[in-house]
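Okay, so here's the structure we're looking at.
The values are calculated or read from the model by the stated rules, or taken from the named source; none is laboratory data. As the structure is a computational prediction, the values presented were derived from the model and not from experiment. Virtual Cβ from ideal backbone geometry, glycine too; neighbours counted across all protein chains shown.
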Ligand code: G
Ligand code: MN
């Protein structure tokens, strides 16, 4: 992270390295804090790569953080598990989503790589936001802005979406897919996500929850299960990403199980925009003459 000081977004990183995911902290946070945080630019997107079997970036997942000085609890960096519930309660969740989309588009623009080699960005979307008709409208606009090729921005349906049973929800996803927006089922195998969900949503990608990868190191039975889950996801027509790869052993198991992509601390922690761009540029595999196209894109 030697380049942090060159990126204004990163100035706060060294002071807030520990991310808080403890929801109990919510009782100390006021509605006003959130509104101020959003208007004062305290939300900061990080980017974590998803790589192929050679370690080359396929795309990045945008992970939001919130840096704030709270009067009663001091300086904190909060993770989405904390502030997404608050945003939803305040009816500001779509605002945060919109901010994420804008920053994902900025990231892709700054990456400045020819379209055919350009890694995309995946943004988490909560089920309640996905059910908002305005979000659907904005997703069509997004698809139109990128109509020259496959839309580089995709969405990860977070775990809670499994509780949304209404047919309109699934039809909306289907319509958007026809318009070129791709969806992933996030954290598959955790919480409420069930087999019915991968049947109802024809997800482009399924991400296997990191709890599975945590288990495979100790347990041969989990390896067999992982292989079967990957096969099932492939039969459902989806790419499969293994989340939470922390060491070479887990990487090998995920690859033997047939996973198409890998994500986790073994490859990289979530990085600020500047570091993620540097990281990607060092690893992108492009034909030699493609470099000269960089200027023209
Ligand atoms: O639910 P979702 O997949 O969006 O969660 C992403 C979260 O997982 C991020 O907060 C990220 O920091 C964390 N994460 C990413 N890679 C790893 C990993 O290898 N191990 C663990 N324990 N967490 C990870
Ligand atoms: Mn995710």
* In the range 177-199, what residues are out of contact with any strand residue (DSSP E or B) (no Cβ under 9 Å at 6 or more places or on another chain) and either within 24 Å of residue 120 (Cα to Cα) or at pLDDT 85 or above (or both)? -> 178, 179, 180
* May I ask you to list the residues in the range 104-114 that are more than 16 Å from ligand 1 (Cβ to nearest atom) and in a helix (DSSP H, G or I)? => 105, 106, 107, 108, 109, 110, 111
* Taking the range 37-59 as the search range and keeping residues that are in contact with a helix residue (DSSP H, G or I) (Cβ under 7 Å, 6 or more places away or on another chain) and within 14 Å of residue 117 (Cβ to Cβ), which one is nearest to ligand 2 (Cβ to nearest atom)? -> 57
* Has the range 182-189 got any residue that is within 16 Å of ligand 2 (Cβ to nearest atom), in contact with a helix residue (DSSP H, G or I) (Cβ under 6 Å, 6 or more places away or on another chain), in a loop (DSSP other than H, G, I, E, B) and in contact (Cβ under 8 Å) with a residue 12 or more places away in the chain? -> yes
* Based on what the data block shows, is residue 237 outside any helix (DSSP H, G or I), touching a helix residue (DSSP H, G or I) at 6+ places or on another chain (Cβ under 8 Å) and more than 11 Å from ligand 1 (Cβ to nearest atom)? -> no
* Asked: Condition test on residue 18, is it exposed (fewer than 13 other Cβ atoms within 10 Å of the Cβ), at pLDDT below 95 and in contact with a strand residue (DSSP E or B) (Cβ under 8 Å, 6 or more places away or on another chain)?
  -> yes
* Asked: Is it the case that the range 262-269 has a residue that's at pLDDT below 95 and surrounded by 15 or more Cβ atoms within 10 Å (Cβ to Cβ)?
  -> no
* Structure fact -> The correct count of residues that are touching a helix residue (DSSP H, G or I) at 6+ places or on another chain (Cβ under 7 Å) and in a helix (DSSP H, G or I) in the range 88-97 is 6
* To do: Check the range 148-158 and report whether any residue there is away from ligand 2 (no atom under 16 Å from the Cβ) and at pLDDT 90 or above.
  => yes
* In the range 252-283, what residues are touching a helix residue (DSSP H, G or I) at 6+ places or on another chain (Cβ under 9 Å) and part of a helix (DSSP H, G or I)? -> 253, 254, 256, 273, 274, 275, 276, 277, 280, 281
* Asked: Which one of these is within 18 Å of the chain's Cα centre (by Cα) and either surrounded by fewer than 16 Cβ atoms within 10 Å (Cβ to Cβ) or not in a helix (DSSP H, G or I) (or both): 203, 214, 196?
  -> 203
* Asked: If you check 183, 188, 170, which single one turns out to be surrounded by 14 or more Cβ atoms within 10 Å (Cβ to Cβ) and within 13 Å of ligand 1 (Cβ to nearest atom)?
  -> 188
* To do: Consider only pairs whose beta carbons are under 7 Å apart and that are at least six residues apart or on different chains; among these, list those whose first residue lies in the range 52-68 and is on the phi > 0 side of the Ramachandran plot and whose second residue is within 14 Å of ligand 1 (Cβ to nearest atom) and not in a strand (DSSP E or B).
  => 55/267
* Structure fact -> Counting only residues in the range 57-87 that are assigned to a helix (DSSP H, G or I) and within 16 Å of ligand 1 (Cβ to nearest atom), the one surrounded by the most Cβ atoms within 10 Å (Cβ to Cβ) is identified as 83
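Listed here are the residues, each with its yes/no results for (1) over 16 Å from residue 61 (Cβ atoms); (2) away from ligand 1 (no atom under 16 Å from the Cβ); (3) part of a loop (DSSP other than H, G, I, E, B); (4) within 20 Å of the chain's Cα centre (by Cα).
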site	(1), (2), (3), (4)
116	yes, yes, no, no
121	no, no, no, yes
140	yes, yes, no, yes
177	yes, yes, no, yes
